[in-house]
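One structure is given here, and the rest of the page talks about it.
The values are calculated or read from the model by the stated rules, or taken from the named source; none is laboratory data. Since this is a predicted model, take the numbers as computed values, not measurements. Ideal geometry is used to build each Cβ from the backbone, glycine not excepted, and the neighbour counts take in all protein chains shown.
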Amino acid sequence: MAKKNVQQAEERLENVEEALSKSELWIEKNQKTLWIILIVLVALALAIFGVTKYNKKRDVTASSQIFYAQQYFENEQYDNALNGDGNNPGLLDIIDEYGSTKTGKLASYYAGLSYMKQGKYDEAIEYLKKFNGKDHILGPMALGAIGDCYMELDDLQNAISYYGKAATKAPNEFTSPLFLSKQGMAYEIAGDYANALATYKTLKKDYPSSNEAFEITKNIAQMEEKLK
């Protein structure tokens with residue numbers, strides 16, 4: 001029995017040695033290719049590090065420039081917010097120069113809202129779509145604003161779609177019930193009472209403590225009456 005165990009151990013050792021020999025041969029045969037791959041990976045890592053560092057530096061500069069544009073936006077001076085005042089750059093300048101940075105994307109959000117306030121809905125949609133924010137509030141708000149623009153353009157299907165995206169982008173008690181309510185109303189205007197009812201019920205079920213939920217009961221009753 002002991003002799004058999006020794007023989008099995010020797011066979012396993014031989015198999016391991018054979019596998020190692022094959023690996024060594026493969027490495028030796030492909031050594032040049034492996035070195036090229038390693039050099040490419042190192043170069044790629046250094047490039048990513050360099051771009052990240054460069055963008056952070058650019059973002060700091062952009063952050064110092066967006067202040068005045070935000071002030072003009074808050075004061076409803078949308079032309080100055082978009083185009084600057086002659087001394088300070090506007091949102092469009094910041095987007096052109098720093099569009100790939102975090103602040104540049106924020107400028108796209110404000111530019112979209114500025115155009116929307118001016119009734120320029122196509123331009124508003126263009127810039128709001130550039131935002132792509134990960135912020136749990138601004139992300140949904142940008143999508144909801146796109147939905148509002150489509151509503152103004154009488155494009156109900158796109159409005160419904162973007163209200164749905166806004167409601168589910170980052171579910172929370174503030175934006176989600178707001179845009180579910182708007183989505184339900186858009187369905188209702190489109191004559192799709194079944195989806196309007198389903199949306200209102202989702203709002204009431206998932207966000208029962210929201211202000212929208214307190215007011216939605218009558219909408220639910222109206223849709224149920226229309227579907228009889």
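Here are some notes:
- Residue in region 212-221 that is β-branched (Val, Ile, Thr) and closer than 23 Å to Lys102 by Cα present: no
- Top-ranked residue of region 131-157 - restricted to ones that are within 13 Å of Tyr109 (Cα to Cα) and charged (D, E, K, R), ranked as surrounded by the most Cβ atoms within 10 Å (Cβ to Cβ): Asp135
- Annotation for region 212-221: no member residue is of a type outside the set (Gly, Ala, Ser), closer than 30 Å to Gln77 by Cα, surrounded by fewer than 22 Cβ atoms within 10 Å (Cβ to Cβ) and at pLDDT 95 or above.
- Tally, over region 180-211, of residues that are surrounded by 22 or more Cβ atoms within 10 Å (Cβ to Cβ) and part of a helix (DSSP H, G or I): 11
- Among (1) surrounded by fewer than 23 Cβ atoms within 10 Å (Cβ to Cβ); (2) under 14 Å from the mean Cα position of the chain (by Cα), the one test that Leu128 misses: (1)
- Options Ile37, Ile48, Ile66; residue that is outside the structural domain of Ser108 (by TED's automatic domain parsing), at pLDDT 50 or above and either aliphatic (A, V, I, L, M) or not in a helix (DSSP H, G or I) (or both): Ile37
- Subset of region 188-203 [touching a residue at least 12 places away in the same chain (Cβ under 8 Å) and under 20 Å from Phe214 (Cβ atoms)]: Glu188, Ala196, Leu197, Thr199, Tyr200, Lys201, Thr202, Leu203
- Counting only helices (runs of 4 or more DSSP H) wholly contained in region 103-179, the ones carrying 2 or more residues that are within 24 Å of Tyr200 (Cβ to Cβ) and not assigned by TED's automatic domain parsing to the domain that holds Glu76 occupy 138-152, 156-169.
Each row is one residue, and each column tells you yes or no for (1) of a type in the set (A, V, I, L, M); (2) more than 30 Å from Gln118 (Cβ to Cβ); (3) in contact with a strand residue (DSSP E or B) (Cβ under 8 Å, 6 or more places away or on another chain).
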position	(1), (2), (3)
Tyr150	no, no, no
Asp155	no, no, no
Ala159	yes, no, no
Ala166	yes, no, no
Lys169	no, no, no
Asn195	no, yes, no
Thr202	no, yes, no
Tyr207	no, yes, no
